[in-house]
Structures are given as structure tokens and as C-alpha cells.
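Trainee: What follows is a single structure, and I will ask about it in a moment.
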Amino acid sequence: MPFIPHTEGDTRAMLATCGVDSLEDLFDEIPPELRANALDGIPAGCDELAVSQLLHARAAQNAQPLCFSGAGAYEHHIPAAVWEITSRGEYYSAYTPYQAEASQGTLQLLYEFQTMVAELTAMAVANASLYDGATALAEAVLMAVRANRKSKSRRILMPRTVHPRYRDVVETIVRHQGIELTRLDYDTAGGHIDPTSLPTEPGDVTALVIPQPNFFGALEDADTLTDWAHAHGALVIGVVNPTAMAVINPPGEWGGAGADIVCGEGQPLGIPLASGGPYFGFMCCKQKIVRQMPGRIIGATVDLEGKRGYVLTLQAREQHIRRSKATSNICTNQGLMTTAATIYMAVMGSAGLENVARQCHANTRALIKQLSAIDGVETVFDRPTFHETVLRLPRPVNGVLEELAGHGILGGVDLARDYPELGHALLVCATETRSEADLDAYAVALREVLA
Amino acid sequence: MNNEPLIFEHSRPGRINRAQSAHLGGDLDDIPDTLRRQRRPGLPEVSELDAVRHYTRLSQKNFSIDTHFYPLGSCTMKYNPRACNTLASLPGFLGQHPLSAVRDSQGILACLWDLQEMLKAVTGMCAVSLTPMAGAQGEFAGVAMIRAYHDARGDDARTEILVPDAAHGTNPATATMCGYSVREIPTDAQGDVDVVALKAAVGPHTAGIMLTNPSTLGVFERRIHEIARIVHQAGGLLYYDGANLNAILGKVKPGDMGFDVIHINLHKTFSTPHGGGGPGSGPVGVSERLHPFIPIPLVGRDDNSAFRWLDEHDLPQSIGRLSAHMGNTGILLRAYVYALMLGREGMVRIADYATLNANYLMARLRAAGFDMALPERRATHEFILTLKHQAKEPGVTAMDFAKRLLDYGFHAPTTYFPLIIPECLLIEPTETESKEALDAFVEAMVAIQAEAEKDVETLKGAPYSLPVRRLDDVQAARELDLRWQANGGMAS
Amino acid sequence: MSNIPSELKYTKSHEWVRIEGDGTATVGISDHAQTLLGDMVFVELPEPGAALEAGEECAVVESVKAASDVYTPLSGKVVAANELLEDAPETVNTDAYNDGWLFRIRLEDEAELKELLDAEAYAELVAEEDH
Ligand SMILES: Cc1ncc(COP(=O)(O)O)c(C=O)c1O
């Protein structure tokens, strides 16, 4: 049997030690009427060779056209060292580091991860990951409700410039706790939240969510929004792209006091696209509300001899101790993905990450220039963008995308369903992995399709 | 072992890894200064070799399945077959954008479809959604479905979820996230749910009960049918926490036990890696009556048998989405590869040999003089040893034993869970360990007991041979130091 | 054996109460409770001015292995919280009945005092739990 080492002799000797005659006897406490029949519907087992052949065939059925789609998942170059090291069995096959002395590798790495994420966002502290960017935002909303003791309304301002799927996930997760999610509309010229459109008397608001860059790729006026929120007693939750943080003003420095809680999707930091996961969510906050943060947190301490070491700390926030009063039900997080992200950030360094961010920005600008030169194609918003933007096409986007696929191009994301008011709107992105030739290829194909 | 400094302590200003980005860059002149970053983030500045060497050295400070026996109860630390990783990492899978056209995604969709079907078959449920990203998120999905079901019937008096006192912490935490209050049900002396207390607790306020079977006490809940009847008669539903499904794979199906909704921890039963804390995957299965509420997306088939995503248009009553895309797809692929290799006979063998190993280890430890928490019960895939006598005399705790085991080259079993058993070790050997590994563990336990009797300080000072001695959790929590800072001192 | 001063009153959930004679009462957790919880790492206290109902959760004492809610045994307005504990939560371990007090409350309903246990009754309760 696969992965079971017992010889027949072992089995016999072990059954004898247990004082039973057969393996079946070990199940004698299960009421007989519950016993299942054979596992119909499960195929017979295969050798590694046969499974390998099947999976290669399946992988080949996936097609990977030249990618100009982003919308929360970005194709970046991943240095070879990242997954070479991350895949080591000592990381790959370890459990959550509850036995600290036997897990110093993972724990020190996570402490470094927390430091790097806090540096990127200019926040005081970070946790050791949540499931993904969308659930991290949901957790941030719940955290804001706990942390903002002065606010009684449990009301969160949720702009439509936040990723629509993130908003869906937040709705799924927080809906049972009497939290009100108030939609904020965006400015149709800028594709951002216009601070002057915010009410001067908003009433009791628990928190304002600020995406940076936002779902349209546009940069929000985060300073003014942050000051507005703080002036009205609301906390600020930033949702940020980690690559952008290399060049864009980080949430810890927004406005006079900085964001209170920051979260986001970690995938751009060395995680493959992989059909949507596993990725990881990150979360940071100000020091004074760290006890309200969900998820695992690693702290430095000393051992019996005074030597530096690392442990899981503030565990009394978590479900295994606090049970029904825990900050969250999360237990298993996305550990291995944060391992990869930590190695990615170390290998790239600040300069490397900045170069990547600048190249993404330059490529997207070049793409916008090329595509908007085509008859009938125009940019929709006038705010500066990071590495993504919205274009308007002369006819329905989904048909255009289908034809582009025929040219080997994944041309972006159709916004018709989430933002019908924008007309034939297409969200496009060009990361550092797109060459000039790739941009030309897209422009040539789109020109042909629209001709 | 030498202290490995932090990566930041290896950093030297101006040291740049030119292999990665020397030819990248570009202007930001269209972004106003107020939106630009003024000061670079303090990421380490190291060579690629520095980074590779540092993270390789750190890895060597970990225990892992690949290096050690890891009998961590409830966590199912068994061999993570390499084939699962290699095949899930084929470029055809890794390079796929989540918003790719369905036409371009038939390969991955076919794998996910097959996995859905296989999980239906092993659990006896009518539909499976793969989207939850860990057991706890599966629990959330399950309890949210229970709530959606009651809400859809206009039955809004149901405000309470029942949870056995031996339950995992995620169960009560989940119930709270779903807006329920939690009532604990006691366990009887034999480790079964106290049915008398259960009967007294149920009523029109009962939304449902969350149960693990085999329970977290390492025994099969024998009166499960009666429990199901009591809860169903009161109008509540039954949630199955599938953390221990590996013990009964192919032997009993949760659907046949009367459960309405379940989750499966693929990182336990289907041997996907724990990765130092994740990612996991917690697919949910539902009975007919909860089917309309299942979380999206699922994989479906259209008329000409092409695969496609099912979303809110197909399932308008769904509780909704739990992730931006479709959950931890790469983990699902690993589980799929594992399931294909095992096949139907292999799955039953998991339960057989996980149970054999647990009962064998329990029999040998008992013969060596250790006390079992439930001595009259058959072990399932795990069992609980209690050191409450040792704690009184000679005065060593479960934690002391756990730390000393590390010196002997064994990862410690789960300690102090379930909370209702004093000084406990929850031991789960799994089917992938050989008799020799189990025998060596028994010898270590016996040797540690002898050390304890001779001088408790031997255990109190453990571990001795690891990168660090016993760490001070209290200082860590009192003097929070959660990140490195160039100038030392605390962040504010 | 835990220390149970005879001049104090107690609750089943292991709080102690000292009647101050100026219409206020001081509340803390018993020596027995602090021993069970272990080294204290954080204490969360009610805000002065808060109006509490007897039996309400109003503070949390946290060690590395447990977090326990503290219930106010008496109704009334909080007049003071022990700020010393913010930086030195271990005071609850070292001096549970004096410097380790949690909060002081202005009594609203003298009748509630009758519900409290005296030292003897509390000692019995602790002895029972130890079995
Ligand atoms: C019994 C039990 N239930 C639930 C969980 C939670 O699962 P996860 O860690 O995948 O969220 C676990 C594992 O940690 C468990 O052992």
C-alpha cells in the first residue's frame, strides 16, 4: 500500500501486542450499522508514473496566453532561489511552530517576515499571515470594530474602488455580526474616492477602508481621506499592493497620523499565480491595538541561558485559548507562502523591489499609450495609476477578449458585470515580465480585432 | 549550534543583488510627490548567497516530517509525498492566472471536478465545495450554511450552537463569528458526549451542534445516532469537524452518521503539507437540504461536458465567497494527486494502519507503566496519555516530558489539548511510521520517566541539544518585541 | 494552600471584594485564581466612569496559557482602575490582595453584598475544586 511501511510480520506482531486478531477488530467500537460499503466512486490506486502522466496531460490542457490581467493576481518574476529554498522539507513538512525550541527556523523567519511587512507598509507591527487579501480585509473590518471602542455604530465605509470580490468576501464573513457596510461611490473622472464628496457630518463611523492603489489601478488621495476619517473618530483600514509600496507613500505615513490597520494580498511577493492560490494575506497595525489583531504573532524572547529566541506570542487572543471570545477562528494560516515571500523580499532587497515597481509602472504607461492610440480605445480615468488601468473599448469587452485569446493574448479583465456604468470597460495590467515585444503584440492584435 | 543572526544583521548598505533587477526601472514622473514614497523601506540588503545561506541555515533549526517522527495529535503529521508537490508545481498549473478564460482552464478544472467527486464518495455527502482555505474556514462555511438554512425558513429563534467541552477552539470561535452564542456540552467518564446533558440543552434555540468523530479524545463517539436524533428532533443541524476523518476513511461516512454538513482538512487526511503553519485546505460537504447554500465557486459541467465555474447565478442562495478566487488551488491539486495514488483500497488502508499504529503505541506505553486518559476505550488513530500522577510525584509536567522528547529526537505530541484532560499528551503516530519508529518512541518515553524519577531537574532544564534552551514565553508576552529595529528599542 | 484573608468577601468565580466603608468596594482576583492562571502578562480593566451591572464581564486577566474574564460581583459606577497593572501585570501574582487590586466601584445596592461568600465558604469551594 502506498506510504505504509509495515511488513506482514510487523502487522502480525503489532496486532498481537494490541491483543486482537485482525485489523477489523480494532474498529469494534463503531456500531456495525454505520459501517460503510466499499468506496464506490473512487478509482483504483495508481503508481506515481501513471499519476504523473495524467497530471502532465492535464497541465497541458491549460493554456497560458500572454497575460495582461491583474485584478489582484499579478505575474511577477520569481527568483529561482525562492522556491528552491522554500521547498526544503524542513519548511515544507513542518507543523505550526507551537514547540518553539524545535521550530526556531520557521519562527525566526516569521519574525523577519513581520519586520519586512511592517517596513514595507511603514506600520509598527505585522502578524504572520491570514488566508488571502480578501479575508484579510474581512478580518481588518472585524478588528476595527473591536479596536474603535468609541464608535458604537459598527458602521464601515466601503468604497466601490475596493476589489469587488474582496467586498463579496467581507460581506460573507462579517454579515452575522451586525456590521453595516456602507458603500461609497467613486468619482467618475478620477476613478477614485473624491475626498470633497465625503460628508462633513458623517455621524458615527467605525472605520473607512482605503485601497491603494485601488481596484482600477488609480491612486487614492490617501492623506486627505485618512485625515477626514480621523477627524470624525473613524479608524483607517488600508488595503495595499505590496509591490507598489516600494514607490508609493506607505499607509503608516498617510495623513497626520497614518492608517490604523493595513492589510493586503501577498501574492506579488514571490507567489505563483497558480489559478488563484495558495496566496497569503498580510496584516499590520499600530502598536496600541496589537491585542486586537487576529492571527499568529511571533515575538522575540530569551531562553534559560539568556540567548535570543522566538516564540508564538499573545496567544491568549487566539481560538485555542480564548475559544468563543477569540479575535478570529483562524488556526492554520498560509505559513509556507510567507516563507517564500520572506525569501523573495530578502533576495530582491529594497532596491530590487523598487526597480520591479518602476518597471511595472513604466510598462503599464507604455501599454496605455499604445492601446489608447488605437481608434475607439480610450482611458477612462485621469488619476495617476500604479500598474493597472481601465480602458474603454468601442464594443463589448467579452467578445474582444475572446478574439484576443485567438491571438494568444489574455487581454485583461472585463468590468461589465461589476461596473456596468463604465460601458465597455477593460482592466489591463503590464508587470515587469512584459517585454516591449509583448506590448507591441497586444497592440497589433487589438488593432486587428477592433478593425 | 551557532546563533544565526537575523537577515537584517547580515545587511550592508549598498549591497545589491544585481542578478534580479539590474535592467529594470522606469520613471515615476507622472506620480505627484505627495503620493510617492519618500524613504525606502528597510528590507535587508544582502547578496543572493547571503540569503540562500541564511534561509538554508534557518531551515536546519526546524523539526519536520522529513527529518523527525512527529506524533502530534489531531494534526496528522504524516509523510507528504514528493510527487504531490512536483506535479502540482508543473508550469501548466503554476502559470495560470485565476481569471483565465474557462476554455484555457480545462486542465485544472478537470482535476478539481474529479477531486469534488472523490470527496463526495468518501464522505457520503451530496455536494462538495473546495473553496475554504483551511479547516476553520470550512467550519465558518458550514455554520454559516446552518444559519442560512434556518434563516431561509424564517426560523430566527435559533441562537445557540452546541459544542462538546473537548472540542477544538476553532469550533466555538467559529460559532461566534457566525453570530451564535456557544453552549458547552460535557463529556462523560468514558469520553462520549453526555447524552443526558445534551437532551437538557437542546430546544427551539438550538441551531446545531459541532462534533468531531472520532472525537478529539481519540475515541469513536458510539452514540452518534442517538445524538443525531436528539439534535434533529429539536430542529437543529449537525456539523462534522473532519479533522479526524483519517481514522475512519472508508469505514464510516459522515453522511451515514447523520451529519448535515462537514469539512475535511486536506492537510491532515490527504497529506498535503503543513508548511510551518499552512496553507491548508478545508473543503465542505453538504446534505441535500444545505445544498442551495454551499459556498461558491464550484466546478460544474455544461451540456457538452466542458467544465466551468458555478457562481451566484447558479446558486443564488449561496452563503457567498470565501476568497478572492477559488481557495488554495495548489493544495487541492496535491490532495488530488495523493488520492489518485491511494485509490479506494489505499484509502481504507490509511484508517487501518493509522489505527493499528495508535493502538500498538498505546498498548506498549501502557505496558511500560504510563496512564491512559480513557483506559477502557479502544484508541482510534490517536490516544491520550495523562501525566497527572507524574505531575504530583515526582513533579514533572506534560510540558517537561514534551521538551525532553525533543532532546531524544522526537517532536513532542500535542500538549494540554483537549483542555478537559489534565497534563495530557495527545499522540497520533499516523500510518506512515514504521514499527521501529514507534518502538524507539516508547524507549524514549521510558528513559525520560526514569530520568524524572532520578532528578526532575533533568526534565525541567530540557531541551539541551536544540538551537535554544527552553524559551521564556512570559517575557515574550510582557515585553513585546515583534519586529527587528535597526536602532533597537520598541516600535511605537 | 492558598491564602484567603478572612476580612474579605469572595465570589464563586474567584473574585475578592473589600468593602471600603466610604460607599465603595475594591475588587481583585483571589490568590487561588492567580495561581491557576500562572504568570500574568496582561490585564484589561474597565474604564473609570463605566456603569456596571452585577455579574457583568468587565475585565480580563491574561497569562501565556489562559485568558480569564473577571465579573463584577457588584453593580455600580467604576471609580478607579489599577493603572499600575498596565506596566506590571505580575503584581496580580505577587500581591493579589493589595497592590494587585483591579478596580474600585461605587456601591449601588447594599443587598448585593449578601450574595458574596465569606472566607470560610470560599475556602471550602477552593478545597472542593482541588479534588
Ligand atoms: C479537531 C480540529 N478541528 C479543527 C481544526 C482547525 O483546522 P485548521 O487548522 O485547518 O483551520 C483542527 C486543526 O488544527 C483540529 O485539530
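The values are calculated or read from the model by the stated rules, or taken from the named source; none is laboratory data. Just so we're clear, the structure is a prediction, and the values are computed from it rather than from any experiment. Cβ sites come from the backbone with ideal geometry, for glycine too, and all protein chains shown count toward neighbours. Surface areas here come from the heavy atoms of the whole protein model, side chains and all, with no ligands, DNA or RNA. Shrake-Rupley method; radii C 1.70, N 1.55, O 1.52, S 1.80 Å.
Trainee: Largest first and in whole Å, what are the equivalent-ellipsoid semi-axes of the protein assembly as shown based on the Cα gyration tensor, each being the root of 5 times an eigenvalue?
Mentor: 45, 36, 29
Trainee: Another question about this same structure. Of B:V442, B:P204, B:T329, which is farthest on the positive side of the dipole of chain B, counting Cα position, with +1 on Lys and Arg Cβ, -1 on Asp and Glu Cβ, and the Cα centre as origin?
Mentor: After comparing all options, I get B:T329.
Trainee: Where the accessible area of the range A:1-110 is counted over protein heavy atoms with a 1.4 Å probe, how much of it, in %, is carbon and sulfur?
Mentor: 52
Trainee: So what are the radius of gyration and Dmax for the Cα set of chain B, in Å?
Mentor: 25.2, 76
Trainee: Next up: Hey, how many Å between the Cα centroid of the range A:1-71 and the Cα centroid of the range B:184-241?
Mentor: Here the answer is 30 Å between Cα centres.
Trainee: Could you work out what % of the accessible surface of the range A:248-303 is carbon and sulfur, using a 1.4 angstrom probe and leaving DNA, RNA and ligands out of the count?
Mentor: 55
Trainee: So what does A:D227 come to for accessible area, using a 1.4 Å probe and Å² rounded to 10?
Mentor: Taking all protein chains as shown, A:D227 has close to 70 Å².
Trainee: Once Lys and Arg get +1 and Asp and Glu get -1 on their Cβ, which of A:A57, B:I319, B:L471 lies farthest toward the positive end of the dipole of the protein assembly as shown?
Mentor: It is A:A57, whose Cα lies furthest towards the positive end.
Trainee: Quick check for you: with a 1.4 Å probe and neighbouring chains kept, what is the accessible area per residue of the range B:345-475, in Å²?
Mentor: Per residue, the range B:345-475 has an accessible area of 34 Å².
Trainee: Here's something else I'd like to know. Compute the normalised compactness of chain A: alpha-carbon radius of gyration over 2.2 N^0.38 Å, N being the residue count.
Mentor: Its radius of gyration relative to the 2.2 N^0.38 Å reference: 1.13.
Trainee: For the pair A:D204 and C:A51, what calculated FRET efficiency results from E = 1/(1 + (r/R0)^6), where r is the Cβ-Cβ distance and R0 = 22 Å, to the nearest 0.05?
Mentor: After rounding to 0.05, the efficiency reads 0.65.
Trainee: Quick check on the range A:154-251: what does the Kirkwood estimate of hydrodynamic radius come out to from the alpha carbon pairs, in Å?
Mentor: About 13.8 Å for the range A:154-251.
Trainee: Return one whole number: the accessible area per residue of chain C in Å², for a 1.4 Å probe.
Mentor: 50
Trainee: A follow-up question, please. Suppose R0 equals 51 Å. What FRET efficiency, 1/(1 + (r/R0)^6) with r the Cβ-Cβ distance, do B:A22 and B:E479 give to the nearest 0.05?
Mentor: 0.75
Trainee: Tell me the carbon and sulfur percent of the accessible area for the range B:84-340, rounded to whole percent, probe radius 1.4 Å.
Mentor: Answer for the range B:84-340 is 51 percent, counting heavy atoms of protein chains only.
Trainee: Provide a list, ordered by number, of residues in the range A:15-41 showing at least 50 Å² less accessible area with every protein chain present than when their chain is taken on its own, using a 1.4 Å probe.
Mentor: The answer is A:T17, A:C18, A:L23, A:L26, A:F27, A:E29, A:I30, A:L34, A:A36, A:L39 - residues whose exposure falls by at least 50 Å² when every protein chain is included.
Trainee: Mind jotting down the distance between the C-alpha centroids of the range B:427-443 and the range A:119-149, whole Å?
Mentor: 41
Trainee: Starting from 0.36 nm per residue, how many nanometres of slack lie between A:A416 and A:E180 once their C-alpha separation is accounted for?
Mentor: This chain segment gains 82.3 nm when fully extended.
Trainee: In the range A:64-85, which residues give up 40 Å² or more of accessible area once the other protein chains are added, compared with their chain alone (1.4 Å probe)?
Mentor: Those are A:Q64, A:I85, which lose 40 Å² or more relative to the chain on its own.
Trainee: May I pose another question? Could you give the C-alpha radius of gyration of the range B:276-424 expressed as a fraction of 2.2 N^0.38 Å, taking N as the number of residues it contains?
Mentor: So the range B:276-424 has a normalised radius of gyration of 1.52.
Trainee: Can I ask one more? Using Cα-only point scatterers and the Debye equation, what is log10 of I(q)/I(0) for the range A:393-451 at each q in 0.13 Å⁻¹, rounded to two decimals?
Mentor: Debye output, listed in q order: -0.33.
Trainee: A:T188 label point, 7 Å along Cα→Cβ, cut-off 17 Å on backbone N: hits in the range A:373-392?
Mentor: Counting only backbone N, you get A:378-383, A:390-392.
Trainee: While we're looking at this one, here's another question. So, with +1 on the Cβ of K and R and -1 on the Cβ of D and E, and no other charges, what is the size of the charge dipole of chain C about its Cα centre, to the nearest 20 debye?
Mentor: Once rounded to the nearest 20, the dipole reads 100 debye.
Trainee: Something else about it: At 7 Å along Cα-to-Cβ for each site, give me the label-to-label distance between B:D256 and C:E129 in nm.
Mentor: About 4.6 nm, to one decimal.
Trainee: What size of dipole, in debye to the nearest 20, comes out for the range B:325-382 about its Cα centre when the only charges are +1 on Lys and Arg C-beta atoms and -1 on Asp and Glu C-beta atoms?
Mentor: Dipole size: approximately 80 debye.
Trainee: Within 14 Å, Cβ to Cβ, of A:R35, how many net charges do the neighbouring residues add up to if Lys/Arg are +1 and Asp/Glu are -1?
Mentor: That works out to -4.
Trainee: Same structure again: Holding the Cα-Cα limit at 32 Å, pick out from A:K288/C:K65; B:K460/C:K9; A:K325/B:K388; B:K199/C:K9; B:K61/B:K120; A:K288/B:K388 the pairs that are longer than that.
Mentor: Beyond 32 Å: B:K460/C:K9; B:K199/C:K9; B:K61/B:K120; A:K288/B:K388.
Trainee: Let me ask something else. Quick test of the membrane-span-like rule: which DSSP H helices of chain B reach at least 27 Å along their long axis (C-alpha atoms) with mean Kyte hydropathy at least 1.0?
Mentor: Length and hydropathy pass: none found.
Trainee: Check the straight Cα-Cα distances from A:K150 and name the aspartates and glutamates below 18 Å, setting aside those fewer than 8 residues away within the same chain.
Mentor: A:E180, A:E201, A:D204, A:D227, A:D260, C:E44, C:E47
Trainee: To continue, here is another question. On a 1.4 Å probe surface of the protein chains, which of B:V202, A:V162 comes out largest in accessible area, and what is the full order?
Mentor: Descending accessible area places them as B:V202, A:V162.
Trainee: For a label point 7 angstrom out from the Cα of B:A189 toward its Cβ, which stretches of the range B:351-393 have the backbone nitrogen within less than 20 Å?
Mentor: B:371-379, B:384-389
Trainee: Can you give the net charge of the other residues whose Cβ lies under 13 Å from the Cβ of A:T135, counting K and R as +1 and D and E as -1?
Mentor: Around A:T135, the charge tally is -2.
Trainee: Using a Förster distance of 25 Å, how high is the FRET efficiency between A:Q287 and C:A88, based on the Cβ-Cβ distance and rounded to 0.05?
Mentor: 0.85
Trainee: Still on this structure: From largest accessible area down, sort C:K65, B:K61, C:K114, B:K120; use a 1.4 Å probe on the protein chains.
Mentor: C:K114, C:K65, B:K120, B:K61
Trainee: While we're here: Put +1 on the Cβ of each Lys and Arg and -1 on the Cβ of each Asp and Glu in the range B:84-340; which of B:C84, B:F270, B:V128 then has its Cα farthest toward the positive end of the dipole?
Mentor: B:C84
Trainee: Between chains A and B, what is the buried accessible area in Å², counting both sides, with a 1.4 Å probe and ligands, DNA and RNA left out, to the nearest 100?
Mentor: Adding both sides of the contact gives about 16900 Å².
Trainee: In deg cm²/dmol and to the nearest 500, what is the mean residue ellipticity at 222 nm of chain B if only DSSP H runs of at least 4 residues count, each as -39500 (n - 2.57), divided by the residue total?
Mentor: Computed ellipticity for chain B at 222 nm equals -11000 deg cm²/dmol.
Trainee: Leaving out ligands, DNA and RNA but keeping every protein chain, what accessible area does A:W83 have, in Å² rounded to the nearest 10, with a 1.4 Å probe?
Mentor: 60
Trainee: At 10 °C and 1.306 mPa s, what whole-number value in µm²/s does Stokes-Einstein give for the translational diffusion of the range B:356-448, with Rh from the Kirkwood sum over Cα pairs?
Mentor: Once the numbers are plugged in, D ends up at 121 µm²/s.
Trainee: Nearest 100 Å² is fine: what is the total accessible surface buried where chains C and A meet, probe 1.4 Å?
Mentor: About 700 Å² of accessible surface is lost on pairing.
Trainee: Compute the accessible area per residue over the range A:80-345, keeping the other protein chains in place, probe 1.4 Å, unit Å².
Mentor: Here the residues of the range A:80-345 average 23 Å² of exposed surface.
Trainee: Determine the sum of side-chain charges near A:T196: Lys and Arg each +1, Asp and Glu each -1, restricted to other residues whose C-beta is under 11 angstrom from that of A:T196.
Mentor: Charge balance in the 11 Å sphere: -3.
Trainee: At a probe radius of 1.4 Å, what is the per-residue accessible area of A:D28, in Å² to the nearest 10?
Mentor: Taking all protein chains as shown, A:D28 has close to 90 Å².
Trainee: Further question: Any idea what the dipole of chain A comes to, in debye rounded to 20, about its Cα centre with Lys/Arg Cβ at +1 and Asp/Glu Cβ at -1?
Mentor: 1480
Trainee: Which order do B:R103, A:R58 take by accessible area at a 1.4 Å probe, largest first?
Mentor: Solvent-accessible surface, decreasing: B:R103, A:R58.
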